[in-house]
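As structure tokens, the structure follows; a few thoughts come after it.
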Amino acid sequence: MQPTSFIICHDCDLIQKKPDTPVAGILRCVQCDAVLQKTEKGDTDTTLALILAGIILFILINSFPFLTFRMSGQLQETTLITGIEMFFIQGWWPIGLLVFLATIISPALHLLGLLYILLPLKFGLKMPGVTRIMRIVTAFQPWSMIEIFMLGILVTVVKLSNDGEITAGISLFALMAFTFVQAAIFYTFNPLLIWEKCEVGADLQLDKEKCDMDLIQCHICGLLCPDENKTDKFFCQRCGANLHKRKQNSISRTWALILTAVIFYIPANVFPITNIISFGDYQTDTILSGVIYFIKTGMWPLALIIFTASIFVPLLKLIILSFLLISVQLKTTWRQKDRTRIYRITEAIGRWSMVDIFAITVLIALVNMGAIATVRVEPAALYFAAVVVFTMFAAMTFDPRLIWDTEKNSHA
């Protein structure tokens, strides 16, 4: 059995002893203040009920239109898949795949994966492949972006409100409900309860001698694994994940992703992102022109959201990650806790930059009326999507534990 008296912080690598009788709530690192673990028991019955509700809502979302747009006597409906199809039709299949992943594949995998695990447990059964399913659920969780898609819908509705009549469909209300249900699932589900039910292949009692050795905590299941052979790479005995003392080539990989994102960031903000064709007239829009449009129409909150999510946040992520890399390479001990906190914030907010891509997804689905009005996707949309993806991967490949290393790390 894996003892529960020790835990290693995934952000600063500090091994620490858990309280003997932890109170319900959040267990935080004493050094960097990172969230180490949920200590409450969790309510699997509530989580299971929410998952079943989420599946019903998800079926409704994908079965009915969520918006109807009427313009010059023509009517256009859109479902969740419509905008994705339009990306493929217009030749921008990489963006279509990204939106498909974020709005359909990832939410579906999360719901079905948890259902596969929790429903049999309700009846005292354990299905095969639980560890593999949990790893898949964990890996796809950051790419589930229904709540950001809702914000993209709001941006599009406001933008089209003066050009025609927009009607909400049943699917839109299901989307709203699903956003709250999904948040509730994240809140009530405690992955530790599932991992503790998974058998471990060896007795890993941590006596004093093993605590003096190098210990690595699995980034997927949280199992403490003693590095008895002093190897740079081995596998978690519970979930099978590859374990490393530090993320492999963290510095060089993160720099490569940042520089790639910088290359795409410039054309993403300079070139047109959409082209509206109406009765033979062409109107090209950039990200910045969209911000200016909302300012001119008095929609300051939306202008601020678009500017923050699409221009400010990607640039801020590039600056912060570059700063963190430089500080790590200089081996400075300056404000380590604050730098770690900045990294956590940067990792959390990056996905919200997808709001512009989702707004375009809804826009090209609704404004597809031939000569009356049609929206064409322009190259900046692909460049911007690349910026979002590369900055997300850059945040994932950066190892915050390097901030706390005081000597040269040969694994970076």
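The values are calculated or read from the model by the stated rules, or taken from the named source; none is laboratory data. Keep in mind the model is a prediction, meaning the values are calculated, not measured. With ideal geometry, Cβ positions are generated from the backbone for all residues, glycine too; neighbour counts draw on all protein chains shown.
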**Asked** Can you tell me how many residues in the range 81-114 are of a type outside the set (Val, Ile, Thr) and in contact with a Ser or Thr (Cβ under 6 Å, 6 or more places away or on another chain)?
**Response** 4
**Item:** Residues that are of a type in the set (D, E, K, R) and closer than 19 Å to residue 347 by Cβ, drawn from the range 251-294
**Value:** 253
**Asked** Quick one: which strands (runs of 3 or more DSSP E) sit completely within the range 238-333 and have at least 2 residues that are in contact with a Ser or Thr (Cβ under 9 Å, 6 or more places away or on another chain) and under 18 Å from residue 375 (Cβ atoms)?
**Response** 274-278, 281-285
**Prompt:** Do we have residue 385 as over 13 Å from the mean Cα position of the chain (by Cα) and under 25 Å from residue 175 (Cβ atoms) here?
**Reply:** yes
**Asked** Restricting attention to the range 1-14, and to residues there that are farther than 24 Å from residue 399 by Cα and of a type outside the set (Val, Ile, Thr), which single residue is modelled with the highest pLDDT?
**Response** 5
**Request:** Go through (1) touching a residue at least 24 places away in the same chain (Cβ under 8 Å); (2) more than 22 Å from residue 183 (Cα to Cα); (3) of a type outside the set (Asp, Glu) one by one and return the number of the condition residue 96 breaks.
**Result:** (1)
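Just for the range 345-381: of the residues that are in contact with a Phe, Trp or Tyr (Cβ under 6 Å, 6 or more places away or on another chain) and either not in a helix (DSSP H, G or I) or not aromatic (Phe, Trp, Tyr) (or both), which one is surrounded by the most Cβ atoms within 10 Å (Cβ to Cβ)?
Here the answer is 366.
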**Request:** Would you tally the residues in the range 298-354 being in contact (Cβ under 8 Å) with a residue 40 or more places away in the chain and over 21 Å from residue 386 (Cβ atoms)?
**Result:** 16
**Prompt:** If you go through the range 56-75 one residue at a time, how many are surrounded by fewer than 20 Cβ atoms within 10 Å (Cβ to Cβ), out of contact with any Gly (no Cβ under 9 Å at 6 or more places or on another chain) and within 28 Å of residue 93 (Cβ to Cβ)?
**Reply:** 5
**Prompt:** Which of the helices (runs of 4 or more DSSP H) contained wholly in the range 81-149 include at least 1 residues that are under 18 Å from the mean Cα position of the chain (by Cα), closer than 20 Å to residue 347 by Cβ and among the β-branched types (Val, Ile, Thr)?
**Reply:** 130-140
**Request:** Mind listing just one residue for me: the one in the range 15-33 that is in a loop (DSSP other than H, G, I, E, B) and modelled with pLDDT of 85 or more and, of those, surrounded by the fewest Cβ atoms within 10 Å (Cβ to Cβ)?
**Result:** 30
